[in-house]
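Here the structure is laid out as structure tokens; the discussion comes afterwards.
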Amino acid sequence: MKAETKSGDIKEISVPPQFGIGINVGVKGSNIDFHRYKELLRVAAASVGFNSSYFDEPHPYSNTQDAEKYLRVADDQSGPIHARDGPIARMGHLLENDRSGYRKVVQNDRSQQGNNVPGYYHTVTLGPERVREAFPDHELPVEVKHYYTRNPESFSDSHPLSNPKLGASYQVNRWDEKIGVTDEELTQLERELDRIVLSVAADAGLDIAPQEGDGPFVEDAYWEIETSEAGANPIDLDLTRIRQESESVTVRQLADGLSPVQWETLETAVSDGGVVSPADVAEEHDRHINSVYRALAEIDDLLDRAYNQIALKNEHVAELVLDAVQRAKQTNERAFDAVASAKEAADRGLEAGQSAFVAWAAKHGIDVQNRDEARLVLRMEGLSNEEQRRKIRQGFELWTEANNDPIEYLNAKIDLGPRMASTARYYIEA
């Protein structure tokens, strides 16, 4: 098949042998019903002398390259859509594992003129597998976006283009399949995009079926506000459920205790920026590959595993595991500090009981200082009230066992962070 380029050159186009004779035509449009393009193509062809019957039956190889459905939302109502904890951000973090597949999250609040415009261009792009986590019967990869026209500042507040759009667009490059141009396929495309837009708007708390007036929406030159029972029904995104399930699984696994190999596997998974394989974990930590496989099988619900690849199940699980790994590292560091502090105390000639107290303080991350006024200060930031009480009482026992003055400890200042302080007596005598 031959084709003419924009510059007028003729080039050969490779086509499958079974294609037969045909004409390649690309059609682009905006704000036109998806089902009207074939009709408009026939009219356009006839207007320039082509036989319009050539375009009666599109070839089965015909496909859709781009499509979007949108709502225009009032500027003062759209904040929950693009908020840091809004549906677009949450879909990006929860509906994708931390490494596999394609994920693109954009949060740009600066316009092309350099002005700060909250929600200027916020998008999340998800492939078919991740879309189905929120929309189980959907198939198409999409980009969900909240965005303004290029320079919204140049329009008055009363102009429709000063307000943003909430849109869902089909992403042809995010899968290996295609959506064709039959009525059935175009209906599927329209239904999936409509449902995503309405579901995201509803999740953000917008009234998607206002009974009076325009509600949170703004009409423009191409989009009229109307409610209909014939359109796609929005669904509950239930991203909170996905988040809670992630937390429940992670907390349960960590609470049950992890073997050294499991810890090493998770540490590698959260710290390595590329694809991680069981062999990588075995090599990095000098483990037998079979021990790594056994460890993986026991923490399978934290992972998204493909052949010879390991990734954490989603971004939220990755954040929780990273926090746990960092805490474990801090605990190990405090344990080493405890040994060093005990040795230092012994070298200074302190009694065994005093040495034990110094080691205890180092182990639990408690910073002990003797100020010029000889008052004991214990730093305890980031602990719950119950943890503070338990540790302070344990320290008091070690302090008195070392034959130190109990009053000095009872009067010790407990430094809990900025503008927060108490005394040990409050926790011990309460």
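For the stretch 1-37, taking the residues that are in contact with a helix residue (DSSP H, G or I) (Cβ under 7 Å, 6 or more places away or on another chain) and assigned to a helix (DSSP H, G or I), the one that is farthest from LEU71 (Cα to Cα) is identified as HIS35.
Of all the criteria given as (1) modelled with pLDDT of 90 or more; (2) in the same structural domain as ARG191 (by TED's automatic domain parsing), the one not satisfied by ASP85 is (1).
Which one of SER53, SER78, SER47 is touching a Pro at 6+ places or on another chain (Cβ under 6 Å) and of a type outside the set (Val, Ile, Thr)? Give the derivation first.
Details: SER53 fails: touching a Pro at 6+ places or on another chain (Cβ under 6 Å); SER47 fails: touching a Pro at 6+ places or on another chain (Cβ under 6 Å).
Answer to the selection: SER78.
Of the set (1) farther than 30 Å from ASP203 by Cβ; (2) without any contact (Cβ under 8 Å) to a residue 24 or more places away in the chain, all apply to ASP76 but (1).
Scanning the stretch 159-190 for residues that are surrounded by 17 or more Cβ atoms within 10 Å (Cβ to Cβ) and among the basic types (Lys, Arg) yields LYS165, ARG174.
Go through the stretch 396-415 residue by residue and tally those that are more than 14 Å from GLU429 (Cα to Cα) and part of a helix (DSSP H, G or I). Here the count works out to 5.
Taking the stretch 4-21 on its own, how many of its residues are among the acidic types (Asp, Glu) and closer than 21 Å to HIS59 by Cα?
So the answer is 2.
Among the numbered conditions (1) at pLDDT 90 or above; (2) outside any strand (DSSP E or B), the only one that HIS122 does not meet is (2). Which one is surrounded by the fewest Cβ atoms within 10 Å (Cβ to Cβ) among residues in the stretch 191-213 that are part of a loop (DSSP other than H, G, I, E, B) and touching a residue at least 12 places away in the same chain (Cβ under 8 Å)? Only one residue tops the list, namely ALA209.
THR123 fulfils the conditions (1) without any contact (Cβ under 8 Å) to a residue 40 or more places away in the chain; (2) surrounded by fewer than 17 Cβ atoms within 10 Å (Cβ to Cβ); (3) polar (S, T, N, Q) except for a single criterion, (2). Per the listing VAL106, VAL25, VAL48, VAL43, the residue uniquely modelled with pLDDT of 80 or more, on the phi < 0 side of the Ramachandran plot and assigned by TED's automatic domain parsing to the domain that holds LYS145 is VAL106.
Exactly one condition in (1) out of contact with any helix residue (DSSP H, G or I) (no Cβ under 9 Å at 6 or more places or on another chain); (2) over 30 Å from TRP223 (Cβ atoms); (3) exposed (fewer than 11 other Cβ atoms within 10 Å of the Cβ) is not met by SER53; state its number. All conditions are met except number (1).
The values are calculated or read from the model by the stated rules, or taken from the named source; none is laboratory data. Quick caveat: nothing in here was measured; it's all calculated off a predicted structure. Ideal geometry is used to build each Cβ from the backbone, glycine not excepted, and the neighbour counts take in all protein chains shown.
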